[in-house]
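Beneath this line is the structure, given in structure tokens, with notes to follow.
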Amino acid sequence: MAGRALLGHRIRTIRKDLGKTQAELAADAGVSAAYLNLIEHNRRTIGGALLLRLAEALKVPPADLTGSEEARLLADLEEIGGDPLFAKTNLDKQDLTKTLGVAPTMASAMVALYRAYRSANEQIDALSERISYDPFLAHAAHDVVSRITSIRSFAEILHDHSDMGHEQREKFTKSMAEESERLSSAASEMFSFLNSFEGARQTMLPADEVDDLLYDHGNYFDGLEKLADELRPKVETDPDHGVFLADIISYLKKKHNVELHRENPEKLDQKNSIWDEETRSLYISKAAPLTASRFEAAKMISRLDAHDEVEKLAASPRLTTDKARQRARESLHGYFAGALIFPYSSFLQTVTDLRHDIEMIQQLYAASWEQVCHRLTTLRRPGEEGIPFHFVRSDIAGNISKRFSASGLQIPRYGGICPRWAIHSAFLTPGNIKSQLVKAPDTSTYLFIARTVTKLGAAFKDPRSIYSILLGCDATYADRLVYADGLDRENADSITNVGLTCRQCHIENCNQRAHDFVET
Amino acid sequence: MTHSVLIVEDDDSIVEALNFLMETAGFDVRIAREGPRAIELVKEAVPDVMILDVMLPGCDGFEVARNIRSHQLTKHIPILMLTAKNRPIDQEKAHEIGVTAFMTKPFSTREVVEKVKGMLNS
């Protein structure tokens with residue numbers, strides 16, 4: 001395909017190099033000048049005998065006209081054209097084809113330049129990851145705190161024990177001076193290290209800013225929880241049965257005069273729902289399963305009843321762009337929906353009683369796997385905490401679309417998660433639950449539970465989105481989860497050593513290493 | 001009656017300070033600088049109280065505490081855990097394991113002594 005698109009440009013370029021007119025070449029090849037004109041402008045595809053005649057007339061081998069090297073280059077250029085970097089330059093496929101046809105060396109140079117740019121960016125990402133979780137920084141910070149601890153201890157001892165012997169006093173004074181020196185050099189090293197990274201961090205993406213907002217709040221929003229608790233009795237018809245979709249539809253109609261319609265997915269741009277404020281209509285995709293439909297409808301309640309609270313949170317200085325604020329609003333409406341469907345205290349009691357058997361919890365609340373996992377990460381009410389979980393959602397290409405960690409586990413921000421994590425192997429057995437004990441670079445042991453979820457398309461031929469959801473916690477809590485039953489925490493052989501990403505990982509002789517460790 | 005304390009800490013200066021404080025407070029002091037060594041010392045002779053750092057060579061303070069809480073003879077030992085990392089998750093983990101008290105470095109030496117004495121009395 002690519003070769004065909006370039007053929008006309010190549011014929012034209014070679015003809016001009018030979019100093020031939022269109023009419024002359026057309027005569028040599030035995031076609032009309034008008035037809036050659038169409039060929040040169042890629043409006044006619046040619047092959048077979050005509051291709052051979054043209055090649056002969058231009059005195060080049062036919063392969064030079066159909067060239068595979070150029071086809072590869074064009075594929076590279078098309079990939080470049082799709083990069084958000086060029087979003088504002090309106091670079092289209094025709095421009096790229098023209099460039100390659102007219103100036104192939106320039107096209108090669110462009111590809112080389114782009115590769116260098118990508119490589120530099122990847123390096124920056126890896127380095128900024130390392131700043132966040134760098135073992136050197138962690139060690140340096142620990143060293144500084146230890147030095148301060150000993151200096152403070154010695155100072156207090158000298159003050160509180162004035163009757164101590166001269167020799168002992170001298171010894172502590174000397175130790176204190178030595179510790180002060182160590183503190184100075186530890187602090188200097190830390191500053192040098194940080195200075196070497198100045199400017200390395202890229203401008204943050206909206207998704208990163210929203211992540212940071214969630215981290216600031218520990219993924220628990222008391223105001224939204226309270227609103228959900230207040231509203232639930234007005235929405236549900238029977239507290240013993242929980243919140244049904246029918247309850248929400250009826251509430252939205254009565255309280256807000258909002259009508260809910262089911263619509264074909266193509267009319268909703270493949271989104272789960274669209275809200276039309278003018279007609280006060282909420283359109284929910286016919287492709288959305290019942291669990292997702294209920295969730296979308298509950299988000300509607302949030303838009304109408306939790307608007308002020310959400311706006312207050314979205315005004316956080318953490319969010320620096322409209323895109324980030326919009327993304328945060330969506331995320332917070334989702335939070336509210338979860339809080340409405342899974343009442344905090346009773347949900348916590350239920351999950352504790354069921355030892356976090358997510359499938360049973362799904363049945364009790366008629367909810368999806370992802371909804372239950374997500375709600376588990378929000379059980380962080382001070383004084384009434386659930387297990388501190390981490391949560392990651394990745395697609396089959398390894399792109400991370402959701403991440404949160406209250407467990408202390410570090411989760412890469414940009415993808416490229418260590419291939420040993422169960423989040424990847426879960427794709428091998430779709431729908432099955434995979435439990436894994438891992439030892440992370442911070443030396444803590446974690447329990448991982450991973451399984452895939454499939455979001456169906458509207459029809460047989462529509463592509464389906466498959467995600468792997470990883471839920472987990474520090475192994476300290478393992479006994480409180482059914483998924484740890486049968487795993488031997490005391491046996492080192494049953495614990496997998498994992499890294500974060502290859503570039504941050506020291507593990508030697510790893511048979512899954514894809515990138516070298518980045519030295520700093 | 002003299003009480004015994006096991007100090008588990010890998011930083012020499014902090015060991016020096018804690019050792020002085022505990023001896024001055026009348027304790028019989030033993031010291032371990034690595035996690036596995038601490039477990040060995042506890043098995044040799046059960047101390048009345050432990051001061052336990054989190055970041056240790058061999059295995060961390062959480063592992064040590066978990067091991068101690070899992071044995072009938074040692075599960076009752078009051079443990080004061082010390083950490084340089086001021087992370088809520090560490091406090092939650094310590095609580096889950098059943099650590100008696102938790103202090104963040106840099107700590108007040110007076111509070112450490114009071115806390116250790118308090119744990120013995122309760």
### Task
Tell me the label-point distance for the pair B:THR2, A:LYS226, using the 7 Å Cα-to-Cβ offset, in nm and rounded to one decimal.
5.7
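With both partners inside the range A:206-341, how many of the DSSP beta bridges are antiparallel, as a percent to the nearest 5? Write down the numbers at each step before the final one.
Numbers: 4 of 9 bridges.
Looking only at bridges with both residues in the range A:206-341, the antiparallel portion is about 45 percent.
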#### Entry: Charge dipole of chain A about the Cα centre (unit charges at C-beta), most positive-ward option of A:GLY81, A:ALA27, A:THR378
A:ALA27
### Summary
Once A:ARG381 and A:LEU428 are pulled to full extension, the length gained, defined as 0.36 nm per residue separation minus their Cα-Cα distance, is 13.3 nm
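Work through the residues other than A:VAL482 whose Cβ is under 12 Å from its Cβ and net out their charges, Lys, Arg +1 and Asp, Glu -1. Mind showing how you got there, number by number?
On the way: positive: A:ARG355, A:ARG480; negative: A:ASP353, A:ASP357, A:GLU359, A:ASP479, A:ASP485.
Result for the neighbourhood of A:VAL482: -3.
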### Query
At what distance in nm do the modelled label points of B:HIS76 and A:LYS455 sit from each other, each positioned 7 Å from its Cα along Cα→Cβ?
5.7
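How big is the charge dipole of chain A about its Cα centre, in debye rounded to the nearest 20, if each Lys and Arg gets +1 on its Cβ and each Asp and Glu gets -1 on its Cβ? Numbers along the way, then the final one.
Working: 63 positive and 74 negative charges, 455 e Å.
I would put it at about 2180 debye.
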### Query
Out of A:PHE336, A:ALA306, A:GLN326, whose Cα points farthest toward the positive end of the dipole of the range A:241-359 (charges: +1 Lys, Arg; -1 Asp, Glu; placed on Cβ)?
A:GLN326
### Summary
Bounding extents of the protein assembly as shown in its principal axis frame from Cα atoms, largest first in Å, are 116, 66, 45
### chain B, dipole about Cα centre (Lys/Arg Cβ +1, Asp/Glu Cβ -1), debye to the nearest 20
360
### Query
How far is helix A:245-256 tilted, in degrees, relative to the longest principal axis of the Cα atoms in chain A, given as a value from 0 to 90 rounded to the nearest 10?
90
### Query
Expressed as a whole number of Å, what is the distance separating the alpha-carbon centroids of the range A:400-456 and the range A:240-298?
32
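When the accessible area of the range B:4-121 is computed with all protein chains present and a 1.4 Å probe, what percentage of it is carbon and sulfur? Display every interim value, and only then the final one.
Numbers: 2290 of 4880 Å².
So the carbon and sulfur contribution to the accessible surface is 47 percent.
Filter A:LYS171/B:LYS85; A:LYS234/A:LYS323; A:LYS267/A:LYS455; A:LYS271/A:LYS323; B:LYS75/B:LYS117 down to the pairs with a C-alpha to C-alpha distance above 21 Å, please. Each step should come with its number before you reach the end.
On the way: A:LYS171/B:LYS85 29 Å; A:LYS234/A:LYS323 33 Å; A:LYS267/A:LYS455 18 Å; A:LYS271/A:LYS323 17 Å; B:LYS75/B:LYS117 19 Å.
Violating the 21 Å Cα-Cα cut-off are A:LYS171/B:LYS85; A:LYS234/A:LYS323.
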### Query
Given the convex hull over the Cα atoms of the range A:137-195, what projected area results after averaging over all orientations, in nm²?
3.8
## Note on the structure
Given Cβ charges of +1 for Lys and Arg and -1 for Asp and Glu, the option among A:HIS515, A:ILE423, A:TRP369 whose Cα lies farthest towards the positive end of the dipole of the range A:365-520 is A:TRP369
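Calculate, in nm to one decimal, what A:ASN90 and A:ASP208 gain on full extension: separation in residues at 0.36 nm each, minus their alpha carbon distance.
Values: separation 118, 0.36 × 118 = 42.48 nm, distance 2.67 nm.
Residue separation times 0.36 nm, minus the Cα-Cα distance, leaves 39.8 nm.
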### Query
So what is the relative contact order for chain A, in percent, with contacts set as C-alpha pairs under 8 Å and at least six apart?
9
### Message
Explain nothing, just the number: relative contact order of chain B, from Cα pairs under 8 Å at least 6 residues apart, as a whole percent.
### Response
23
## Note on the structure
Magnitude of the Cβ-charge dipole (Lys and Arg +1, Asp and Glu -1) of the range A:206-341 about the Cα centre, nearest 20 debye, reported as 400
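Over the protein assembly as shown, what is the percentage of antiparallel beta bridges among all DSSP beta bridges, to the nearest 5? Present the calculation step by step, with values, prior to reporting the outcome.
Details: 35 of 60 bridges.
Of those bridges, close to 60 percent are antiparallel.
If we sort A:421-429, A:464-472 on the protection proxy, mean other Cβ atoms within 10 Å, highest first, what's the order? The partial results should precede the final answer.
Details: A:421-429: 18.9, A:464-472: 20.8.
Order by mean packing, descending: A:464-472, A:421-429.
The values are calculated or read from the model by the stated rules, or taken from the named source; none is laboratory data. From a predicted model like this one, the values you see are computed outputs, not experimental measurements. When we count neighbours, we look across all protein chains shown, and the Cβ atoms used for this are built from the backbone with ideal geometry, even at glycine. Only protein heavy atoms, including side chains, enter the accessible area calculation; ligands, DNA and RNA are left aside. Shrake-Rupley method; radii C 1.70, N 1.55, O 1.52, S 1.80 Å.
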